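One structure below.
The values are calculated or read from the model by the stated rules, or taken from the named source; none is laboratory data. Keep in mind that this is a model prediction, so the values were computed, not measured. Positions of Cβ are generated from backbone atoms using ideal geometry, with glycine treated the same way; all protein chains shown enter the neighbour counts.
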Amino acid sequence: MNVEKKLLPIIIAVSVILGAAGMFITLQVTGTDSSEPVMQDTVPVETESEIVIEEDMAEEDADPAVETSSELSQDNLDKFHRAFTTIMEAYVEAPDEDELLEGAISGMLETLDDPYSVYMDQESAEEFMESLDPSFEGIGAEVNMINGRVTIVSPIRDSPAEDAGLRPNDLILEVDGEDIEGLTLNEAVLKIRGEKGTTVTLTIERPGMSEEFEIDVVRDEITVETVTSDLIEANDQRIGYLEIRSFAQDTATRFEEELNELEEQGIDGLIIDVRGNPGGLLQSVEQIGNLLIPEGEAIVQRQDRNGDVVRHLSNQEGEKDYPIATLIDEGSASASEILAAALKEAGGHPVVGETTFGKGTVQQTFELGDASELKLTVFKWLTADGNDINEVGVDPTEEVRQPEFFYLSPVQAEEPLEFDSNSEQVQNAQLMLEGLGYDPGRTDGYFDSETEEAVEQFQSDMDMEVTGVIDEDTALALRDQIVEAVRDPENDNQLNRAVELLTE
C-alpha cells in the first residue's frame, strides 16, 4: 500500500447538509499533484445558498480560509512512514495494515477535541448516508457524541424512541447490556440501529436523575413527513400552524405549499414549530427563511477559520401581514436554530419554549477513495445578528416549560412498586398519575395509602387487574397514557402560550 498517496486529497463533488450531526459537504479524495482544497462562491455571496468547490479553480482565487498548506513536510512524512514501517515489521504480532492506518487517522482527529470531526469506515459511512434518507429502519432518534458520551439530541416525533420515553440529553450507557464507552459515535449508532420489529435495550442516564434505567425500544421503519399543518381557531381568530420535523430536500417546497394553503383560508397569525427538529439541509432553511424574513435581512451567517463572514440575505418581497410565533425546545438543533434565531432577530417575532440544543458548527465529509470518509468541522454558522450559539443555544423571548409529566422517565418496575416502598421510581409514578388527573396524595417518592388508591383507580380505568401494585404491565400502561397526554394539544403549554400571544 502506498501510504503517501493515500494522504493526497483532491476535491471534486459537493452537497450541503446541516443537522445536529453536522452540516457537511460530500467530497472525494484521490491521489494528485496538489493537496490544497480550493473554495469559492460562484455567485454573489448575498444570494448564494450553496458552497461550491471546484477542482479547476486557480489557486489565486482560493478562499483565504483554506490557503494554509495541507501538505505534510517531508520530515513529518518520513517520520510517519518510519513509525508505520517499524510497527508493521517489528511489533510482536503482525498488525493489520488497514486497521493501523485507520487508527492513525482516528488519532489525528482525536487531537482536534471535536466530537463532530470523525473518521468513518466504509460501513459507518454507508450508515451515515442512509440516516439522511427520509425513510430508514431504526429507533428514530438523533444522537451525538458530547464529552465522549453518546447523547440523544432529539427523538423524532411519533417515533419508537419518543414512544419509549427517550428525551433530549439522555445519555446512552449500554446497548443490549454492552457498555459502549470508548466506541465512536458511528460504532455506537451501528449497534442501536437494526431491522424493523427487533427490540434494542438501552441503558440510560438522565440528567437530574440519580438512577440509571433501561428502555426497550422496538425498531421500526421511520418515515419522516417533514412538514405538517393545521388551522387553530381561538378568540374568533384563525391561527395557522406549521410543524417542521426536519429540513430535507423537499421541505422548503412542502412548507411553501402548506403556507400558501393556510393563507388562502385566511389566517390572522402563524405558528412555526421546530421543537424536536434536529436539523437538515442548509439550503432548505435558507429557502424557508426567504419566505418569512423581510427582504435584505440576514437569515444566517457563515464564519470561516480566519473570522471572515458570509451573510445570506432574504430576498422576500414585502412582509407578512400577520404575526408569527416560533416554538423551540432543547431538541431543536442546527437548521432549526437558524430559523428560530432569524425569526427572532431579523423578523422581530416572539419565540416561545425552552433554550435550544446549541449546534453552531458546520462539517464537510471528505471521501478517502475507498468509500471511507472524514467528517471535519470547517466553519461556524452565526445567527442573523452574528451571535455564536454553539454549546449555548437560542434563548426564547418567552420561556415556557411543559407540564412536569412531559419530562418524566418511564417507570421501571422489574421489582413491583407497592405500599410502603420509597424510591425515585415511585416518585415518577406519582407524578405520572398526577399528570393524568389522579390524586396520589404526594409526589415525594413514598408509596402511601393514597398513592395505592390512585394506582387502583388507574388500573380500574384501564380495565386491568386491580392490585394497587405497580408491576411491569401497569408501568407500561402509565407510559402509554403519558405519551397520549403529551400529544394532546390541550396539555401543550408552549403551543397554548403562542396562540395567546398571537390572539391578544
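Among the helices (runs of 4 or more DSSP H) contained in the range 122-200, which hold 3 or more residues that are of a type in the set (A, V, I, L, M, F, W, C)?
The qualifying helices (runs of 4 or more DSSP H) are 122-131, 185-192.
Between Gly348, Gly318, Gly358, which is surrounded by fewer than 24 Cβ atoms within 10 Å (Cβ to Cβ) and free of Cβ contacts under 8 Å to residues at least 12 places away in the same chain?
Gly348
When the residues of the range 155-213 are narrowed to those that are touching an Asp or Glu at 6+ places or on another chain (Cβ under 7 Å) and among the hydroxyl-bearing types (Ser, Thr, Tyr), which ends up surrounded by the fewest Cβ atoms within 10 Å (Cβ to Cβ)?
Going through the qualifying residues, I end up with Ser210.
Looking only at the range 239-256, filter to residues that are among the polar types (S, T, N, Q) and either assigned to a loop (DSSP other than H, G, I, E, B) or not assigned by TED's automatic domain parsing to the domain that holds Tyr322 (or both); which one of those is surrounded by the most Cβ atoms within 10 Å (Cβ to Cβ)?
Ser246
Within the range 259-284, work out how many residues are in a helix (DSSP H, G or I), touching a residue at least 24 places away in the same chain (Cβ under 8 Å) and either in contact with a helix residue (DSSP H, G or I) (Cβ under 8 Å, 6 or more places away or on another chain) or more than 23 Å from Gly348 (Cβ to Cβ) (or both). If you could, list the steps in order and put the result at the bottom.
Let us first name the residues in the range 259-284 that are in a helix (DSSP H, G or I), namely 259-265, 282-284.
From what's left, touching a residue at least 24 places away in the same chain (Cβ under 8 Å): 259, 261-262, 265, 282-284.
Narrowing the set further to residues that are either in contact with a helix residue (DSSP H, G or I) (Cβ under 8 Å, 6 or more places away or on another chain) or more than 23 Å from Gly348 (Cβ to Cβ) (or both) leaves 259, 261, 265, 282-284.
Of the residues in the range 259-284, 6 are in a helix (DSSP H, G or I), touching a residue at least 24 places away in the same chain (Cβ under 8 Å) and either in contact with a helix residue (DSSP H, G or I) (Cβ under 8 Å, 6 or more places away or on another chain) or more than 23 Å from Gly348 (Cβ to Cβ) (or both).
From the list Asp273, Asp236, Asp230, which one is loosely packed, with under 14 Cβ neighbours inside 10 Å and charged (D, E, K, R)?
Details: Asp273 fails: loosely packed, with under 14 Cβ neighbours inside 10 Å; Asp230 fails: loosely packed, with under 14 Cβ neighbours inside 10 Å.
Result of the check over Asp273, Asp236, Asp230: Asp236.
Of the residues that sit in the range 113-130 and are without any contact (Cβ under 8 Å) to a residue 60 or more places away in the chain and out of contact with any strand residue (DSSP E or B) (no Cβ under 7 Å at 6 or more places or on another chain), which one is nearest to Arg193 (Cα to Cα)?
Met129
Let me confirm something: among Ala333, Ala325, Ala340, which residue is within 24 Å of the chain's Cα centre (by Cα), under 18 Å from Gly386 (Cβ atoms) and in the same structural domain as Gly240 (by TED's automatic domain parsing)?
The conditions single out Ala340.
Tell me which strands (runs of 3 or more DSSP E) are completely within the range 301-392 and hold 2 or more residues being of a type in the set (A, V, I, L, M) and within 18 Å of Ser246 (Cα to Cα), or say none if there are none.
By residue number, 324-328.
How many residues does the range 462-499 hold that are free of Cβ contacts under 8 Å to residues at least 24 places away in the same chain and more than 27 Å from Pro160 (Cβ to Cβ)?
4
Check the range 254-270 and report whether any residue there is closer than 22 Å to Ile222 by Cα and of a type in the set (Phe, Trp, Tyr).
yes
For the range 131-161, which residues satisfy the criterion of being under 17 Å from Lys196 (Cα atoms) and modelled with pLDDT under 80?
Within the range 131-161, Ser131, Asp133, Pro134, Ser135, Phe136 qualify.
Looking for something in contact with a helix residue (DSSP H, G or I) (Cβ under 7 Å, 6 or more places away or on another chain), among the aromatic types (Phe, Trp, Tyr), buried (at least 16 other Cβ atoms within 10 Å of the Cβ) and at pLDDT 95 or above - is there at least one such residue anywhere in the range 455-472?
Checked the range 455-472: at least one residue is in contact with a helix residue (DSSP H, G or I) (Cβ under 7 Å, 6 or more places away or on another chain), among the aromatic types (Phe, Trp, Tyr), buried (at least 16 other Cβ atoms within 10 Å of the Cβ) and at pLDDT 95 or above.
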